[in-house]
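Here is the structure we will look at, set down as structure tokens.
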């Protein structure tokens, strides 16, 4: 059993030059195909090895298919394995040839050697050719009943594979219930685990369409099933334990005794060497105790040590995975980790992704007792490690300063940073000092003394420069040479590339003017003149605004520009608590690493094969917003998007529910972009439509402009006479916006004719069909059996009225789910009828 | 749903696919191009081992000159995926005779395909234990363990072995000489401030075993850890002997250890796998004996001269000694000339890592060699930028010493045939990340 030395495996890794070698191989294989002479197996083996290695390096050897199949009539297991491998690789591309292999694979499934039975069954299921599914049912059924556990493990996963090739065949053959029976009775733990994984996947995919499946899925979480798994937990392999524990985490025990029983049973899993098992157990503990605050805290204490051990052992990647989870826990309950802060100190050689997490944790756990040590450590990083982390650590010091009560010492540290004379340190610190002064104006005296010494020439980064200028304006009465610094900055107006800095400069010089008019007057004149000539719209507008304001009344201007300010008490948090809770629900998964709930990165519903479908994805993700939107707005915007997508998910929002609650701010903030997209609309429609169409397009603009005011009551046509504009045009961004603004006016289920489902092999089929009915597709996606489409249509009489449709079609159950949104709710039903009748005619023509 | 990998790729450093296996059809075949484009050819490489591109997530690890990439399309279990990669690589290593690199992969395509199919089915991890897989996947591969034809050596109870509960040991092993080797390997992590204050210090230890035992032996290991000793004295109802006891912060065990018994009796009892394995891992933060103290003084004299004095003190017993001691003392980038004197070992300037590297092959206990060096710098025209000093780093191994003070009190082997065994116990302490700021 000892591994052979490599020298015994001579194998040329040289790349063959071309077809010569392949046809050569073909010849040789033919020679050996029929031969039964002793020793042929060995030479066949060498040939097969060559074929496999050609295949691996990317040379197409599919032309050897028939020869390989001919050679496969052998009892040599190594040859068989190589042949299975070859067939599995090329069967998908050559379904006709794959048929050739069925015969010998089926025969091997009945071999007396269980090893061969298992391998053949696995290969058979891995062919992934849809028209061969009928041949799978028999061998799989036998495989489940095989007396050897190896074959049964293969068969259990084989059924899952069959389900993915053809769900209906799998369900019709009653395989799920056979799996269930096997899962609850098989003596072999790996068979049980594979049944569980297969069933979980099948039932959760079926649950959308079949009530029975969703009932079965629920049944997995009942007490007898969960206890059955828990009692056998020690028999499972480490990987299977992860799967079982993941299931247990979803179980809701009936009372606290049950919770304690389960935790007692699983406590030793925390000592398992496999980190994945430890994390899975932690998840169970955390979720079971959510409602019991005290115990929940004790769970944190209990799992802390194992998690810290995992972080400090294993590869960087593994410890990163665990550290991300620890990070999540620290963020949820920082006070429980406040004494462990030393574990979050960074090592010099750690990768920056680890350091970044640690910095955030250090920031979170800082409290009165450990602030001094933590800040000292963070200051070390500011001087000692790579630049991005140094910046992060300065920001971390600032954050601690903003959340602490005893800021005294920290302010001193920050001011020390300014004396380090490193550009990036100075830049970050200036931004922080500005924030600090907004919260604690009482520190202005100390800070200003130091900030005054900084030469503006050493500050190049826009954010830092803006912060410095803000302070110059805000505290110009305390800084002796503020007017002169500002003046010199204004002299170099044209060299200043950042509009943000120029905007700040205008405001600062005006503030300065109100405090020290004689010294600033000249600079103010120069700034206003430069601002008015500025090519940047915002800068120009602000300059003009200030100019007119000053012209109107200087004291009003002072009240506008420099009102008495209240200290900022709390800076906005960037992530809503709802998101955080969702991430916690998905503990031990990618969500924690990405710090996003899973629907934000796995939902493919809005992705489709078309280029603009990517933009639709934003509809539910909502992270991207325009650069000119201020952070506060951005947070608000993404919160709205979240709201939107969650309510979409739960499908609980009725047609008239609080839709306006979040669409209102969207109107205000996107006022500019509305006009922008309207012009875009005009241009696209002009490009695409015939010239004769232009007047209609301009009509559309008028109506769209009226969008923010209540639309003029239009005569409602009777439902039967609804006519659609065959040449409706709507660009993706407008679609997106409308989809976000409108509430669902109709949500219906309908069925599709069998011909329709048969015709619907790709999304494009339906797309062309609906176009014939004046309903246009804007995005589509999905794979059989589930497709998803977004359609739009425009009312012929009233071009302002669009109908937006989300349509999910399940071809295996011949069902469609339709959601209609429209500006004109009264005709939604008529439109929906029209849509359904169009849908029902699919495949008829 | 737990991890279900859609594909696994092995790439070389240039980004060529060496070998791959697609487990599911839910990701496109061009996934590896996406990985190359978005990760390998950008600065992203090394910034984060988990990345999302398109709808898929990529987990990647570099092992020698190979990137192992797992692609998943859903919300997978990250810890499980990385653990799988690590275990799979260990498995390949044990098949290839220790090496896992580009050449080893190129020479073993067929074997790797076989193993990849066996350890993962449709994206779900199956059996990864080398002990069991080697029973039926061999490079010779002639025999199947179930095969009734191979009557010459039937493997008893093969079913249980392939999939069953005692997955780590097969029956019927026979050794002429029954031996057990036990190594306690500790690595000390230290972070010390320039003022000599210990900022952070911990020990991560492993108990490694190598067993050559016949039959199905039951082993019992006793350590001088606090909980174990207290429990024992409680059971025997007599006061625990005075002496040093160690408080383990956290322990994890190999799957062979009976955890229930550990929790109730606090003894480590197990049926070991055959050959080499890691029995347990532990972590200690309190009462660590640091083997070395480093006292640096670094003075910047003017703009072109730096004076470095480093004293290293060994604080373990005088009869012991450390091996392979390396002390890396950072110097500025613009170093032009160095001159130094050491009282032990050898030192040289390594410009590639901007360090003075001081090596002492054999370092006895209770001694304190020193190094004094003078460094001349190239005078730069640019404005004086203060030198950010990286920490001094140290490497060493101290045999027969444990930084935690952990000791094996007993190792009992019990087998029903009652043979005699020879037990060997060794201790070694290594430097983990041993950093002293200066």
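Brief remarks follow.
- Between A:252, A:259, the distinction of being more than 8 Å from every other protein chain (Cβ to nearest Cβ) and in a loop (DSSP other than H, G, I, E, B) belongs to A:252 only.
- Residue check, residue B:352 free of Cβ contacts under 8 Å to residues at least 40 places away in the same chain, in contact with a strand residue (DSSP E or B) (Cβ under 8 Å, 6 or more places away or on another chain) and part of a loop (DSSP other than H, G, I, E, B): no
- Residue match in the range B:51-72 (condition: free of Cβ contacts under 8 Å to residues at least 60 places away in the same chain, at the interface with chain A (Cβ under 8 Å from one of its Cβ atoms) and not in a strand (DSSP E or B)): yes
- Residue B:307 assigned to a loop (DSSP other than H, G, I, E, B), at pLDDT 90 or above and not assigned by TED's automatic domain parsing to the domain that holds residue B:183: no
- Close pairs (6 angstrom Cβ cut-off, 6 or more residues apart or separate chains): farther than 15 Å from residue A:149 by Cα in the range A:169-188, buried (at least 16 other Cβ atoms within 10 Å of the Cβ) anywhere: A:169/A:133; A:170/A:162; A:170/A:163; A:173/A:137; A:175/A:159; A:176/A:202; A:178/A:144
- None of A:284, A:225, A:277, A:322 is under 30 Å from residue B:61 (Cβ atoms) and more than 12 Å from chain B (Cβ to nearest Cβ) except A:284.
- In the range B:25-50, residue nearest to the chain's Cα centre (by Cα) [restricted to those that are closer than 18 Å to residue A:602 by Cβ, within 11 Å of chain A (Cβ to nearest Cβ) and buried (at least 19 other Cβ atoms within 10 Å of the Cβ)]: B:50
- Conditions (1) farther than 28 Å from residue A:313 by Cα; (2) within 11 Å of chain A (Cβ to nearest Cβ); (3) without any contact (Cβ under 8 Å) to a residue 24 or more places away in the chain; number of the one not met by residue B:14: (2)
- Top-ranked residue of the range A:301-318 - restricted to ones that are assigned to a helix (DSSP H, G or I) and surrounded by fewer than 20 Cβ atoms within 10 Å (Cβ to Cβ), ranked as farthest from the other protein chains (Cβ to nearest Cβ): A:301
For every residue, the table says whether it meets (1) in contact (Cβ under 8 Å) with a residue 12 or more places away in the chain; (2) under 15 Å from residue B:309 (Cα atoms); (3) within 14 Å of another protein chain (Cβ to nearest Cβ); (4) touching a helix residue (DSSP H, G or I) at 6+ places or on another chain (Cβ under 6 Å).
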site	(1), (2), (3), (4)
B:335	yes, no, no, no
B:339	yes, yes, no, no
B:343	yes, yes, no, no
B:360	yes, no, no, no
B:377	yes, no, no, no
B:387	yes, no, yes, no
B:417	yes, no, no, no
B:422	yes, no, no, no
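- One residue stands out in the range B:73-93 among those that are within 7 Å of another protein chain (Cβ to nearest Cβ) and more than 18 Å from residue B:23 (Cβ to Cβ): the one that is modelled with the lowest pLDDT, namely B:79.
- For the range A:266-294, a residue qualifies if it is assigned to a helix (DSSP H, G or I) and more than 28 Å from the chain's Cα centre (by Cα), and the qualifying residues are A:266, A:267, A:268, A:269, A:270, A:271, A:293, A:294.
- Looking only at the range A:330-346, and only at residues there that are away from every other protein chain (no Cβ under 12 Å) and in contact (Cβ under 8 Å) with a residue 40 or more places away in the chain, the one that is surrounded by the fewest Cβ atoms within 10 Å (Cβ to Cβ): A:332
- Condition broken by residue A:411, with the remaining ones in (1) within 30 Å of the chain's Cα centre (by Cα); (2) farther than 21 Å from residue A:324 by Cβ; (3) surrounded by fewer than 21 Cβ atoms within 10 Å (Cβ to Cβ) satisfied: (1)
- At least 3 residues being modelled with pLDDT under 90 is the threshold, and among the helices (runs of 4 or more DSSP H) wholly inside the range A:153-213 those reaching it are A:167-172, A:189-206.
- Check on residue A:54, over 27 Å from residue A:171 (Cα atoms) and crowded, with 23+ Cβ neighbours inside 10 Å: no
- Subset of the range A:65-89 [more than 12 Å from chain B (Cβ to nearest Cβ) and more than 20 Å from residue A:31 (Cβ to Cβ)]: A:87
- Residue check for residue B:264: exposed (fewer than 14 other Cβ atoms within 10 Å of the Cβ), within 14 Å of chain A (Cβ to nearest Cβ), modelled with pLDDT under 80 and out of contact with any strand residue (DSSP E or B) (no Cβ under 8 Å at 6 or more places or on another chain): yes
- Unique match (being without any contact (Cβ under 8 Å) to a residue 24 or more places away in the chain, more than 29 Å from the chain's Cα centre (by Cα), within 13 Å of another protein chain (Cβ to nearest Cβ) and farther than 23 Å from residue A:260 by Cα) among A:349, A:370: A:349
- Options A:518, A:483: the member that is closer than 30 Å to residue A:417 by Cα and either touching a residue at least 40 places away in the same chain (Cβ under 8 Å) or part of a helix (DSSP H, G or I) (or both): A:483
The values are calculated or read from the model by the stated rules, or taken from the named source; none is laboratory data. Here the structure is a predicted model, which means the values were calculated and not measured. So basically every Cβ, Gly included, is an ideal-geometry build from the backbone, and we count neighbours across all protein chains shown.
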